[in-house]
Structure formats: structure tokens, C-alpha cells
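The values are calculated or read from the model by the stated rules, or taken from the named source; none is laboratory data. Predicted, not measured: the structure shown is a model, and the values here were computed from it. Quick reminder, even Gly has a Cβ in these numbers, built from the backbone with ideal geometry, and neighbours come from all protein chains shown. Remember, those area values only see protein heavy atoms, side chains included, never the ligands or the DNA or RNA. Shrake-Rupley method; radii C 1.70, N 1.55, O 1.52, S 1.80 Å.
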Amino acid sequence: MTKDRFANRVVLVTGAGRGIGRVVATAYVEAGAYVVFADKDANLLAEATASLHNASIASVVCDLRVPDQVVQMVNTAVQRFGRIDIVINNAGIGIWKSPLELTVDEWDSVLNTNLRGAFLCAREVAKEMPEGGCIVNIASTRALMSEPNSEAYAASKGGIVALTHALAVSLGDKRIRVNCISPGWIETGDYGALTQADHAQHPAGRVGRPEDVARACFYLTDPENDFLTGVNLVLDGGMTRKMIYVE
């Protein structure tokens with residue numbers, strides 16, 4: 001990836017205050033793009049953008065559970081940079097709780113943030129996005145496999161995979177490409193604290209890093225890859241292809 005690959009492109013990243021979103025948003029800045037960092041936490045946004053060139057970035061506080069805030073987020077991005085070429089729908093939350101105890105409000109909070117929020121963002125951006133634009137939704141391997149007590153999160157991520165191919169078809173006549181990434185274990189904390197056993201269980205030989213997701217986003221939004229749409233790119237070091245038996 002050359003430094004200028006995304007020069008003058010305008011990128012909106014949700015959940016950009018920390019973790020994967022922060023790394024992805026920063027990577028696009030370093031690749032020459034104008035980037036809108038969006039997050040519901042103003043303090044995290046300030047930390048994420050403190051060392052970046054102000055002319056290349058904008059920060060927007062937005063809670064994706066509130067439709068009017070999504071509309072305002074998109075309007076702010078367009079007012080600042082004139083258009084939006086790329087959207088990375090990364091923001092998401094999870095509540096790990098027995099399905100026998102999970103409340104309706106908790107279910108709604110996860111689904112409204114992860115799934116409805118991605119839809120609303122894509123819908124509002126598509127109204128402004130020029131031909132050749134790209135939307136990347138961040139799903140999860142939890143759309144394909146599960147651990148206990150992950151019903152709301154798994155349902156939201158499975159919905160994102162389905163939403164992705166539906167939008168790819170619906171927005172095809174506008175020449176807007178829509179793809180998603182389903183990360184597996186991406187360590188956003190202390191990578192050095194991981195054990196050899198953590199790494200060895202992956203066929204790729206290591207646990208993933210946020211930078212892996214950033215490179216996948218670059219691939220899916222590269223203007224030269226204009227034949228890629230409706231794809232769910234599983235980024236998990238091969239874990240969903242590994243048969244596991246207990247002896």
C-alpha cells in the first residue's frame with residue numbers, strides 16, 4: 001500500500017475512538033485520506049486524534065442507537081469534506097449474558113448499535129456517496145460460530161453479513177460496493193501478554209492484530225478492486241476452517 005493510495009479520499013469510520021476502529025481510521029490518515037473519526041465517547045475521540053494533523057481529520061460524537069445523530073454525523077462529514085467516499089461501519093457492543101436472563105432492553109441496545117446502526121449509516125451515506133464509493137461493514141466470526149451467552153452479539157453480526165449482500169445488490173446501480181469483514185480473535189489489548197498456546201491454535205500461527213483489519217479494509221476499498229462486492233471476508237487466521245475434537 002503506497003502512502004498516497006487513498007489521497008483525497010474521504011473516509012468515515014465509526015467506533016473510531018479505540019481498538020480496531022482507531023487503528024483503521026489512523027491507517028487511512030497515514031495513507032493520505034481525509035478521515036472522519038466517529039464515536040459515542042468524546043474523550044476517546046480526543047485521545048485517538050490528538051497526534052494527527054487537524055486538516056486531515058474531523059471528529060464527530062455519535063450514538064448509533066439514535067437515528068437523528070446518525071443523520072447529523074453524515075451531514076457533518078459532508079459539510080467538512082464535501083462528500084464521503086468510504087465508510088467503515090465498525091462500531092459495536094456486546095453483552096455476554098445467559099439468554100435466560102438477557103433483557104429486551106439489552107437485546108435492543110446491541111441490535112440497535114451493531115445492526116440498525118450500520119444500516120442507518122449506510123443508508124444516509126449512500127444518499128451522498130459518489131459512484132465508486134465503498135461501504136465496509138465489520139461483522140464477526142460469531143456470525144458463523146458461537147460461544148455460550150452471545151445471542152444478541154451473534155444475531156447482530158449475522159444480520160450484518162446478510163445486510164451486506166442485500167445492500168451490495170440494492171446499491172449496485174449507484175456503483176457503490178458493499179462488503180464486510182468477519183474478524184476472529186483480534187487482540188486490541190496487550191499483545192505481548194498472549195501465550196504461545198494462544199498463537200499456536202491458529203493455523204496462521206498467531207493471533208490477529210487490528211492492523212490486519214486495516215489492511216483488509218484497504219483491500220476492499222482499493223479503487224482498483226471494483227469487481228469486489230457482496231463479499232464476507234473472514235479474517236481469523238484460519239480458525240473457522242479448523243476441525244476441533246476433544247480426545
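Each of A118, P203, I138 was placed along the dipole of the range 109-217 (beta-carbon charges, centred on the mean Cα), and the one lying farthest toward the positive end is A118.
Averaged over its residues, the range 1-72 has an accessible area of 46 Å² per residue, based on protein heavy atoms and a 1.4 Å probe. In the set (i) 51, 40, 37; (ii) 59, 42, 39; (iii) 50, 46, 30, the label that goes with Cα extents along the principal axes in Å computed for this structure is (ii). I want to verify the translational diffusion coefficient of the range 1-94 in µm²/s; compute it with Stokes-Einstein, Rh as the Kirkwood radius over Cα pairs, at 25 °C and 0.890 mPa s. D = 190 µm²/s.
Calculate, in nm to one decimal, what V246 and E30 gain on full extension: separation in residues at 0.36 nm each, minus their alpha carbon distance. Mind dumping the intermediate values first?
Numbers: separation 216, 0.36 × 216 = 77.76 nm, distance 4.50 nm.
Going from the current span to full extension adds 73.3 nm.
Counting only aspartates and glutamates at least 8 places from K242 when in the same chain, those with an alpha carbon closer than 15 Å to its own are D198.
Per residue, the solvent-accessible area of the range 93-247 (1.4 Å probe, heavy atoms of protein chains only, all protein chains present) comes to 52 Å².
Between the amide H of L171 and any residue lying 5 or more places away or on another chain, no distance stays under 5 Å, with hydrogens modeled in the peptide plane.
Once all protein chains are placed together, T49 keeps about 20 Å² accessible to a 1.4 angstrom probe. Phi angles of the range 74-85 translate, via the Karplus equation with coefficients 6.51, -1.76, 1.60 and θ = phi - 60°, into HN-Hα couplings of 5, 4, 5, 4, 5, 5, 6, 10, x, 5, 9, 9 Hz per residue; Gly and Pro are given as x. Summarising the label geometry, the points placed 7 Å from Cα in the beta-carbon direction at E101 and R123 lie 3.5 nm from one another.
Across the range 1-132, the relative contact order, built from alpha-carbon pairs under 8 Å that are at least six residues apart, equals 25 percent. For the chain, with all protein chains in place and a probe radius of 1.4 Å, 52% of the accessible heavy-atom surface sits on carbon or sulfur.
Near I57, the amide H atoms lying under 5 Å from its own belong to V35; only residues 5 or more places off or on other chains count, and H is placed 1.01 Å from N.
Comparing Cα centroids, the range 135-182 and the range 93-115 end up 17 angstrom apart. Largest accessible area first, the residues H202, H165 order themselves as H165, H202 under a 1.4 Å probe with ligands, DNA and RNA left out. The alpha-carbon of K174 sits under 20 angstrom from the alpha-carbons of these lysines, leaving out residues fewer than 8 places away in its chain: K127.
Mind listing which chymotrypsin sites (Phe, Trp or Tyr not before Pro) in the range 124-228 are in a DSSP loop and have 13 or fewer other Cβ atoms within 10 Å?
In loop regions of the range 124-228 (DSSP not H, G, I, E or B), the sparsely surrounded chymotrypsin sites (Phe, Trp or Tyr not before Pro) are F227.
For the chain, the relative contact order comes to 18 percent (Cα pairs under 8 Å, sequence separation of at least 6).
Expressed per residue, the C-alpha convex hull volume of the range 35-154 stands at 118 Å³.
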